[in-house]
Amino acid sequence: MQRSSVKGLNVAAGANLMGWSSEYYEFLSENAGSGYGAGVTASYGITELIEPYLGFSYSSIAVGDVDAQSMSMRQLDVGLRLNFLGTIHAWRPFVQAGYSNRVLGMNEISYDMGYADVQVKSHAPHVGGGIAYFFNPMWAVYAKGLFTLEGKNSEYFDGQRTGEEPDITAFRVTVGIKCNIQSLLN
């Protein structure tokens, strides 16, 4: 009896807890190093094992003891997920890897010369994994962790590139719901 399916078109939405760290921005990452957000993902199961995906997440970072109006992180992820076990199992663990386009935004943050809008844009690899529980082949809940490694980073002050390349790593834990659209169409 079939209990799960990832083959065909899938869409997912979830809430996340995000954390980041940086030696370059050590004070900021220690005092405003986490936040909450949400994300959406579209994927296509070529087979029950192989599933390329495209996802977007946004996290608002709690400014804590930092003199800033707001902080946030946006991530656009593209990659490949490998799903384990077969369609007769309700529990399906998975691993994934890919590439992220990430933007750390700091609005009206206190700096030496006053207040500035700072952005750090980067392209970085990510790795992660998780598990999904399927209620039926169409609907599942999932939990996953995704670690975005340090990549090529560029810093911008009020829209002007500074030439600095700060180090940043990020981690997201996400829980959400997934729908296999292909099962809806069949």
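The values are calculated or read from the model by the stated rules, or taken from the named source; none is laboratory data. Everything numeric here is computed off the predicted structure, so don't read it as measured data. Glycine gets a Cβ as well: all are built from the backbone with ideal geometry, and neighbour counts include every protein chain shown. Ligands, DNA and RNA are excluded from the accessible area calculation, which covers all protein heavy atoms including side chains. Shrake-Rupley method; radii C 1.70, N 1.55, O 1.52, S 1.80 Å.
Structure data summary
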| item | result |
| --- | --- |
| Net lengthening on full extension, E26/N136 (0.36 nm per residue, minus Cα-Cα) | 35.0 nm |
| Accessible area expressed per residue, region 85-186, with surrounding protein chains retained (probe 1.4 Å, Å²) | 50 Å² |
| E150, E51, reordered so the largest accessible area comes first (probe 1.4 Å) | E150, E51 |
| Heavy atoms of L9: accessible area, 1.4 Å probe, square angstrom to 10 | 70 Å² |
| Mean-position separation - Cα centroids, region 1-54 and region 110-163, in angstrom | 10 Å |
| Modelled FRET efficiency - R0 22 Å, D167 with A15, Cβ distances, 0.05 increments | 0.20 |
| Top positive-direction residue, dipole computed over region 55-139 with Cβ charges, set G86, W139, H123 | G86 |
| Theoretical gain in end-to-end length, N101 to I88 [0.36 nm per residue, Cα-Cα removed] | 1.1 nm |
| Share of carbon and sulfur in the accessible heavy-atom surface of the chain [1.4 Å probe, %] | 61 percent |
| Packing rank of 110-122, 55-67, where each peptide gets the mean count of other beta carbons within 10 Å, highest leading | 55-67, 110-122 |
| Extension gain, V127 back to I50 (0.36 nm per residue minus Cα-Cα distance, nm) | 26.2 nm |
| Cβ-based net charge around A140, under 11 Å, with every Lys or Arg adding one and every Asp or Glu removing one | +3 |
| Qualifying lysines (Cα of each under 26 Å from Cα of K121; at least 8 residues distant if same chain) | K144, K152 |
| Computed [θ] at 222 nm, helices only, for the chain once each DSSP H run of length n ≥ 4 contributes -39500 (n - 2.57) | -1000 deg cm²/dmol |
| Accessible area in square angstrom per residue, region 18-76, 1.4 angstrom probe | 50 Å² |
| Label selected from [x] 18.4, 66; [y] 16.2, 57; [z] 15.7, 49, the criterion being Rg and Dmax of the Cα atoms in Å as computed here | [x] |
| Length-normalised contact order for the chain - Cα pairs under 8 Å, 6+ apart - percent | 24 percent |
| About the Cα centre, charge dipole magnitude for the chain (Lys/Arg +1, Asp/Glu -1 at Cβ), debye | 1400 debye |
